[in-house]
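Report on the following structure.
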Amino acid sequence: MALSVQIPKEYAYVVFDLVAYAFLNTWMGIQVGKARKKYNVPYPTLYATESENKEAKLFNCVQRGHQNSIEYMPVFFVALLVGGLQHPLISAGLGATYIISRFFYFKLYSTGNPENRLKPVGLSFLALWGLIICTASFGINLIIRGML
């Protein structure tokens, strides 16, 4: 038995979140590139070592801020896109919250004090878990409709 899913018109907001995150990720990547030049960390070195570079911690904070955001990107994208099928406005709002908190996470981490990243990270995890709940709700709804 096949189930059909109609995409609500509000899903456009979910798509805009996806585009916004793509811009944020690109911007973070550019910041890492600038930090490579500023702190003299050549490619393909992923992280600087303090024994070779006295400003390694400053570069590594910029790099880790971007890298951590990349690590969570697949879960964010899938939860945003799938959960948004049933809960487009809630998912779009949670997605926007996640994106804004990730921006501040990166900015504060990039200061060179890793503790600064802890201020906005809680909000990003709340938003991400909200998206995961929206996705679970969609899955449960599919199961219930499939049983009818």
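Since every read-out is calculated from the coordinates, none of them should be taken as a lab result. Just so we're clear, the structure is a prediction, and the values are computed from it rather than from any experiment. For neighbour counting, all protein chains shown are included, and Cβ atoms are generated from backbone atoms with ideal geometry for every residue, glycine included.
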Add -39500 (n - 2.57) for each DSSP H run of 4 or more in the chain, then divide by its residues: what number comes out at 222 nm, to the nearest 500 deg cm²/dmol? -27000 deg cm²/dmol
Three-way shape label, region 60-107, alpha-carbon gyration tensor, a/c 1.5: oblate
A chain fully extended from ILE133 to MET147 at 0.36 nm per residue, minus the present Cα-Cα distance, gains in nm 2.9 nm
Taking 7 Å along the Cα-to-C-beta vector as the label spot, tell me the LYS38-LYS54 distance in nanometres, rounded to one decimal. 1.8 nm
What spacing in nm lies between the two simple spin-label points modelled at PHE104 and VAL5, each 7 Å away from Cα in the Cβ direction? 3.1 nm
Contact order normalised by length for the chain, with contacts defined as Cα pairs under 8 Å and 6 or more residues apart; what percent is it? 29 percent
Could you give the distance between the Cα centres of region 104-148 and region 30-84, to the whole Å? 20 Å
In angstroms, what radius of gyration and Dmax does region 1-80 have, counting Cα atoms only? 18.2, 63
